[in-house]
1. If you take the residues of region 200-213 that are closer than 20 Å to Thr268 by Cα and not β-branched (Val, Ile, Thr), which of them is nearest to the ligand (Cβ to nearest atom)?
2. Based on this model, can you work out whether Asp158 counts as within 15 Å of the ligand (Cβ to nearest atom), at negative phi and out of contact with any Gly (no Cβ under 9 Å at 6 or more places or on another chain)?
3. Which one of the conditions (1) on the phi < 0 side of the Ramachandran plot; (2) within 11 Å of the ligand (Cβ to nearest atom); (3) surrounded by 24 or more Cβ atoms within 10 Å (Cβ to Cβ) does Ala240 fail to meet, given that it meets all the rest?
4. Which ranges mark the helices (runs of 4 or more DSSP H) fully within region 302-414 that have 2 or more residues being in contact (Cβ under 8 Å) with a residue 40 or more places away in the chain and under 20 Å from the mean Cα position of the chain (by Cα)?
5. When region 161-199 is examined, which residues are found to be small (Gly, Ala, Ser), more than 16 Å from the ligand (Cβ to nearest atom) and under 21 Å from the mean Cα position of the chain (by Cα)?
6. Just checking, how many residues over region 261-272 are more than 11 Å from the ligand (Cβ to nearest atom) and under 17 Å from the mean Cα position of the chain (by Cα)?
7. Restricting the search to region 263-296, which residues are in contact (Cβ under 8 Å) with a residue 12 or more places away in the chain, more than 18 Å from Asp103 (Cβ to Cβ), out of contact with any Lys or Arg (no Cβ under 7 Å at 6 or more places or on another chain) and assigned to a loop (DSSP other than H, G, I, E, B)?
8. Would you mind stating whether Glu246 is touching a residue at least 60 places away in the same chain (Cβ under 8 Å), closer than 25 Å to Glu234 by Cα and within 15 Å of the ligand (Cβ to nearest atom)?
Amino acid sequence: MYPSNESRSAALYERALRVMPGGNSRHTVYFPPYPIYAVRAEGARVWDADGVERLDFINNYSSLIHGHNHPRIVEAIISQAGRLLSVAMPTEEEVRLAEIVCDRLPGVEQVRFTNSGTEGVMFAFKAARGFTGRSKIAKVEGAYHGSDDTASVSVAPDPRRWGSAQAPASVPGGGSAPHVSEDVVVLIMNDVEASRRILRAHAEDLAGVILDPLPSHLGYEAATPDFVAMLREETSRAGALLIFDEVYSFRMGFKGAQGALGVTPDLTALGKVIGGGLPIGAVGGREDIMSGVFDPRPGRPRVGHGGTFNANPMTMAAGVAAMEMFDETAFNRLSALGERLRTGLREAVSIARVPATVRGAASMTSLMHIADPPATYRDLVASMQANPKARERAQSVFQQLLSRGVIIGAPGLFVLSTALTEADIDKAVDITLEALRRI
Ligand SMILES: Cc1ncc(COP(=O)(O)O)c(C=O)c1O
């Protein structure tokens, strides 16, 4: 039973605290009183250091599209490991994964690999700045795009500093150079007219606009078609680039969010799923932009792109295996599981009569412990302030699920894998209903 001071996880955390600040290397996986240490996994299940088995409903925040240790992915990794771990040369696996990604995404004619989504986003910014010769990037307030300085602006700004909704302030993230805010323009999600005005005011300096079409802080609610259309129109008008951050939203459609929304960005940042469970990121986009800034053949490229482990053969082999299996049939089955989960959770919320909202798309679902679904980051902050118990309720549901054998993302995130079955979904819904009844 979690938590227990007698557990091996508690003992491991004690050791971890001595050698790592807060005991870990990734804030997302810490939760009080101590995180549970994993030992092994198979399919949809993970076993912890105390031998407890749980269903995995977060799948390493999306990267494990086929769950754990899929035999075909493991086989690809083992076979690759036997031949070549890493090398200062390109490999056929890199070419193959690039072909798959370019075939799949309408906005990606060429691609380059990195080791994380953070780097994919960072190189999208560099490509936009290198191609346009301009400095400013626009982003949506509250949207998370990884840890790059530009991306870290106004992810969770303090309301005392965020300025008016008509002209949001650009608030640097902790540890970023303060002057980064001069080059970042902040927009409010789905506010078409204010955003249009802001983009026009900065048009001459604007290199690009980045959008996560399905932001997790709003419960995986897609950007409105009007907002996306306006961004497409205004970037083209300004001679700036539209960048989709599809590190997460790639799961939204068989051809990513861009396929689902029918809007083609100039650049796309990728990560997670395309690496088959190993570390990956990528930046892709229009051929003229990609070759214009990254092609080394004419001499010194406009944007340098090194990286000891870029396109490492292990990740490429895992990514090829995972992507080949994530075909349209697999995508549709996974989305149907997502729909079953959302329907079940909505019923659970209504039976338990708790103030909560279920949102999401395809294989991503969010159980938000507030009755009114937020439209923007500011709405979300206002709702959380008006419902001081919301955080406690989320924490309680998360911990009850852990104790009953289901792992979700702590704020209430369910991200599915093809290893899950309808019975697993129904089990998670039943356990969530019991948890909601108890809070
Ligand atoms: C939308 C989005 N962009 C970028 C990133 C950063 O990716 P990574 O964690 O691989 O650096 C994430 C990670 O969760 C993300 O959700």
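The values are calculated or read from the model by the stated rules, or taken from the named source; none is laboratory data. Bear in mind that the values here come from a model prediction, so they are computed numbers and not experimental data. Reconstructed Cβ throughout: ideal geometry from the backbone, glycine too, with neighbour counts over all protein chains shown.
1. Within region 200-213, the match that is nearest to the ligand (Cβ to nearest atom) is Asp212.
2. Against the criterion (within 15 Å of the ligand (Cβ to nearest atom), at negative phi and out of contact with any Gly (no Cβ under 9 Å at 6 or more places or on another chain)), Asp158 does not qualify.
3. Here Ala240 clears every test but (2).
4. 313-325, 328-352, 377-386
5. We begin by selecting, within region 161-199, every residue small (Gly, Ala, Ser); these are 163-165, 167, 169-170, 173-177, 181, 194-195.
Then keep just the ones that are more than 16 Å from the ligand (Cβ to nearest atom); that gives 163-165, 167, 169-170, 174, 177, 181, 194-195.
Within region 161-199, just Gly174 meets the criteria.
6. 2
7. Passing the criteria: Gly277, Leu278, Pro279.
8. yes
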